[in-house]
Amino acid sequence: MGTLIPISAMFTFFLLTTQGITLNMVSLMGLSLAVGSLVDNGVVTLDNIFDHIQINKEPADVAAIRGTNEVILPMMASTATSVCVFFYQLYYLKDLLRKYLRVLHFQ
């Protein structure tokens, strides 16, 4: 988790640079939304792993696998919901609004 956030931020800045998008309020808002979602998913996963260690008295490696497997589908579903909302905006909104919100899709 500690290395995932900087790596994803660097990849996002790389994508923004290749698309010619500058840092402004909209792109920073999208970046903060993406980092918040990443941190939220990580906290839920780590909490479930910690529960496996504390309640079930499992070793850390077993708890990591079982705890992650329990929450992976809900994490993917919640992330897919957010992705669907932004892809809808990309394809069905008018040209001017699409131009401003295009930045959020690369976050």
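Coordinate-derived values only; no laboratory data. In this text, all values refer to a predicted model and were calculated from it rather than measured experimentally.
In plain terms, the chain from ASP40 to TYR92 could stretch by 15.9 nm, reckoned as 0.36 nm per residue minus the Cα-Cα distance.
Here's how it looks for ILE21: its modeled amide H is under 5 Å from none belonging to a residue 5 or more places away or on a different chain. The convex hull built on the alpha-carbon positions of the range 12-56 has an orientation-averaged projected area of 3.7 nm².
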